[in-house]
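Notes to accompany the following structure.
The values are calculated or read from the model by the stated rules, or taken from the named source; none is laboratory data. Nothing here was measured: the structure is a model prediction, and the numbers come from that model. Please note: Cβ atoms are built from the backbone with ideal geometry, for glycine as well, and neighbour counts cover all protein chains shown.
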Amino acid sequence: MEKRKKEIYTLVYGDLFSSRKLSNRSETSSRFGTILKKANSHFKDKLIVPLKKMRGIDEIAAIPKRLSDSFEICRTLNEELFPLRIRFVITQGEIETGLRKRDIAEMGGQIFHDAGDLMTRLKKIDKYYIFNLYFASDSFNLAVTAFAHLIANWGYSRTESQNAILKLYRRYGKQKRAAQKLGISQQAVSDSLKASGFNDIRFAEEALISLLREYDILKE
């Protein structure tokens with residue numbers, strides 16, 4: 001009898017930093033829910049299983065269609081939740097139960113146990129990302145982990161004003177439009193993007209996403 005080919009999925013698993021220390025947990029939970037709803041709408045064509053809160057306001061998870069989509073989803077959540085910080089495990093493996101329900105909370109498999117163990121490790125080393133890709137070498141996993149962590153760490157050095165400007169510039173792709181939405185000059189938008197190192201961050205993001213796309217192609 002021919003063996004069934006393994007179906008390997010990507011799991012994005014996120015955890016808010018120091019969420020139990022928040023004084024306004026109810027407000028944060030409501031904001032988090034709104035952000036997830038917005039992200040699910042925006043990425044609906046890139047998700048097999050939508051983003052969902054797993055434990056109160058602390059943890060979220062989703063199953064994207066492709067690994068290369070995972071970083072864009074995480075980056076968007078980083079920017080929407082700012083100045084709150086969130087860490088991510090991106091791991092791969094089989095989903096043994098519950099996939100047809102499209103509810104991450106109803107699913108089971110070794111991938112979820114691995115994600116929990118990796119999140120525990122991630123908290124101990126105090127970084128923003130761990131990639132654990134099924135077909136990748138340890139060197140590749142380490143490289144994309146370091147790449148993603150440095151991008152996130154750089155992003156968290158922004159001010160709230162710089163983050164607001166960056167989000168609008170990403171949305172509209174034009175400095176003039178972002179300036180109009182904020183009621184400021186185009187020069188102010190340009191200066192803010194420059195001060196936050198946006199061009200360098202975008203260069204690094206594009207390089208990382210290119211690596212992840214190559215992995216997707218090789219896996220296929």
Residue selected from segment 116-172 under the condition of a type in the set (Lys, Arg) and assigned to a helix (DSSP H, G or I), by the criterion farthest from residue 191 (Cα to Cα): 121
Matching residues, segment 172-217, being free of Cβ contacts under 8 Å to residues at least 60 places away in the same chain, under 22 Å from residue 74 (Cα atoms) and either among the aliphatic types (A, V, I, L, M) or exposed (fewer than 14 other Cβ atoms within 10 Å of the Cβ) (or both): 173, 193, 199, 200, 201, 203, 204, 206, 210, 214, 217
Selection count, segment 62-100, where residues are of a type in the set (Gly, Ala, Ser) and either farther than 25 Å from residue 215 by Cβ or outside any helix (DSSP H, G or I) (or both): 3
When residues of segment 130-163 are limited to those that are without any contact (Cβ under 8 Å) to a residue 60 or more places away in the chain, in contact with a helix residue (DSSP H, G or I) (Cβ under 8 Å, 6 or more places away or on another chain) and within 16 Å of residue 201 (Cα to Cα), the one surrounded by the most Cβ atoms within 10 Å (Cβ to Cβ): 162
Members of segment 101-115 found to be part of a helix (DSSP H, G or I) and either in contact (Cβ under 8 Å) with a residue 12 or more places away in the chain or among the polar types (S, T, N, Q) (or both), listed by number: 104, 105, 110, 111, 112, 114, 115
Search result, residues across segment 83-100 that are more than 16 Å from the chain's Cα centre (by Cα), farther than 25 Å from residue 141 by Cα, touching a residue at least 12 places away in the same chain (Cβ under 8 Å) and surrounded by fewer than 17 Cβ atoms within 10 Å (Cβ to Cβ): 97
Members of segment 51-70 found to be among the small types (Gly, Ala, Ser) and more than 12 Å from residue 13 (Cβ to Cβ), listed by number: 56, 68
Index of the failed condition, residue 30 passing every other in (1) surrounded by fewer than 17 Cβ atoms within 10 Å (Cβ to Cβ); (2) of a type in the set (Gly, Ala, Ser); (3) modelled with pLDDT of 95 or more: (3)
